[in-house]
1. For the pair residue 308 and residue 163, how long in nm is the line joining their label points, each one 7 Å along Cα→Cβ?
2. How much length, in nm to one decimal, is gained on full extension between residue 298 and residue 209, taken as 0.36 nm per residue of separation minus their Cα-Cα distance?
3. At 0.36 nm per residue, minus the direct Cα-Cα distance, what do residue 86 and residue 244 gain on full extension? Give it in nm, one decimal, please.
4. Can you list the residues of region 28-50 with backbone N under 11 Å from a point 7 Å past the Cα of residue 111, pointing along Cα to Cβ?
5. With the Cα gyration tensor of the chain giving a ≥ b ≥ c as the square roots of its eigenvalues, does the rule (a/c under 1.5 for rounded; else a/b larger than b/c for prolate; else oblate) give rounded, prolate or oblate?
6. Listing 117, 255 from the residue with the fewest other Cβ atoms within 10 Å to the one with the most, what is the order?
7. With each run of n ≥ 4 DSSP H residues scored as -39500 (n - 2.57), what mean residue ellipticity at 222 nm is computed for the chain after dividing by its residue count and rounding to the nearest 500 deg cm²/dmol?
8. At residue 94 and residue 221, where each label point lies 7 Å from the Cα along Cα→Cβ, what is the point-to-point distance in nanometres?
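Bear in mind these aren't lab numbers, they're just calculated from the coordinates by the rules spelled out. All values derive from a computational prediction rather than experimental measurement. Ideal geometry is used to build each Cβ from the backbone, glycine not excepted, and the neighbour counts take in all protein chains shown.
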Amino acid sequence: MSWLRGDPIDDVIQLLRPRTVVSAELRAAGRWGIRFQGYPHVKFGTVVAGHCVILLEGQRRVVRCEAGDVYLLGNPPPYVMASDATAPRLEAHALFSRVTDGVVTLGAAGTAPATHIVGGHFVFDASNAHLLMRALPPILRVPAASAGPLRELAGLLVRELAEPRPGRGLVLDRLSQLMLVHAMRSADLAGMRRRASWLQALADPRIGLALRRIHADARARVSLGELASAAGMSRSAFAARFKQLVGRPPLDYAIGWRMDLARDALRTTERTVGELAFAFGYESESAFSTAFRRVVGMSPRAYRQRARTSAVPPGKALAE
């Protein structure tokens, strides 16, 4: 693995190792409703025609999605997707378990309004899923008017589903992952300005530069002054703005990211602790082990042993 990419979205997706499942198409007419169980990673969908509302359990907010909109659900609790907030509801498991042709149909054909939704879910490396789950809100709607490339990708996804051709599975997987990237790029436009996270901070022209500086080289022991200089700000103003947007102080984020990479390497490679200490810019194995223990709560060797005895394989599917 290279630790020199310098793009936080690229870096996080590399650790997420996303696997995509395009679940099914929903074609509904009249009044309808479906109740879904919670999901620990990310669900996504696009409204091809018509509209729907999404209601998360425990929240009063009703999110309405129109034709052309794209939505992401990040670690959502049980939720309802329906024609309207009071429509009768069926259990999703019972409906989707009977699907044989990839299409769930509700209501009588020709009954208005007609709705067409294509959706699926992402499965991430369970040990790294927190990198995105902490940044995404439970529901993220990207309106059609600002969806840009997302609309084009969603259209390609729908067409690929309608016309089975060789390589379909690979194409669907890549299209869905591109949708994830573009949705992450659109996050700030979609109303995340009040949610502190690295994803929101990327949209800030100054703090975004500092984040890219941190991600550019995991071996670099950056100082507060260097990061403030990269952002073109005073140290105090930079530190306050970074914490406001990201939710963590700059150096805390920097060492946290380095240890996220170290944890992943301990789980997925055979590199020794000494080799990893050098790879992450530490002068000795003991210095690296001390820093790792301070952040993770155990030594690198203990972490590797625990990870190997209790690990969920990267990309392993979880219950829908």
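1. 5.0
2. Additional length available on full extension: 28.8 nm.
3. 53.0 nm
4. 28-33, by backbone N distance to the label point.
5. Prolate shape, in that a/c is at least 1.5 and a/b is the bigger ratio.
6. Going from sparsest to densest Cβ surroundings: 255, 117.
7. -12500 deg cm²/dmol
8. About 6.3 nm separates the two model spin labels.
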